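The values are calculated or read from the model by the stated rules, or taken from the named source; none is laboratory data. Everything quoted here is computed from the prediction, not taken from an experiment. Cβ: placed from backbone, ideal geometry, glycine included. Neighbour counts: every protein chain shown. Accessible surface is based on the protein model in full, side chains and every heavy atom, while ligands, DNA and RNA are left aside. Shrake-Rupley method; radii C 1.70, N 1.55, O 1.52, S 1.80 Å.
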Amino acid sequence: FLNCTSLVSAPELPATTLANSCYNGMFSGCTSLAQAPALPATTLGEHCYESMFFGCTSLTTAPTLRATTLADYCYDGMFSGCTSLMIAPDLPATTLADWCYLDMFNGCESLTSTPSLPATTLAEYCYCEMFRNCSSLTSAPKLSATKLADYCYDAMFRGCTSLTTAPALPATTLADYCYYDMFFEC
């Protein structure tokens, strides 16, 4: 369905176990898609949801995401460029993977709040640019992690020009570039 600009509804996607890259870019550029399909998967593959709704500018609400253990790049850019997205899904995962939330909400300029992020042990680049350019965000989520990974918070809130409150940073075990550019251009 790549760039099907007239698509207004999506088919059912009942799979609960996903393979690598299975839904990668599936609805990317579907600018008229206003409602996402239910996504019941609990077992993810690498890149499985990457860019799935990239640039779906009519999408206002995200589907529920049930997985508690993630795969590398699984949500990479999933809602990037969804400029009308106002409600982010809950993110219940406690076991993260490298690059798992990379760019997930980048450019979601209507997003006013973030989901909670319950993971306490992070993976490399896991939250990298996650909320970049979310210009309507006024506060950041609580960050409970005490053990960080390389580049884990890299540019997480870069360009969030309305951000007025930063979270507490309770980590006691740091890693290379863990807070790199985290609040750049705020």
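Each residue of the range 38-46 was assigned a 3J(HN,Hα) from its phi angle through the Karplus expression (A = 6.51, B = -1.76, C = 1.60, θ = phi - 60°), giving 5, 10, x, 4, 10, 10, 9, x, 4 Hz with x at Gly and Pro. Solvent-accessible area per residue in the range 1-145 equals 40 Å², computed with a 1.4 angstrom probe and all protein chains kept. In the range 1-37, which residues have a backbone nitrogen under 19 Å from the label point lying 7 Å from residue 64's Cα in the Cα-to-Cβ direction? Within reach of a label on residue 64: 10-18, 35-37. Going through [x] 16.1; [y] 19.3; [z] 19.9, the figure that equals Kirkwood radius over Cα pairs in Å as computed for the structure here is [x].
The modelled label-to-label distance between residue 139 and residue 43, using points 7 Å beyond Cα along the C-beta direction, is 3.9 nm.
Within the accessible surface of the chain, defined with a 1.4 Å probe on protein heavy atoms only, the carbon and sulfur portion equals 49 percent. For residue 117, the amide hydrogen comes within under 5 Å of the amide hydrogens of 142, counting only partners 5 or more places away or on other chains and with H modelled in the peptide plane.
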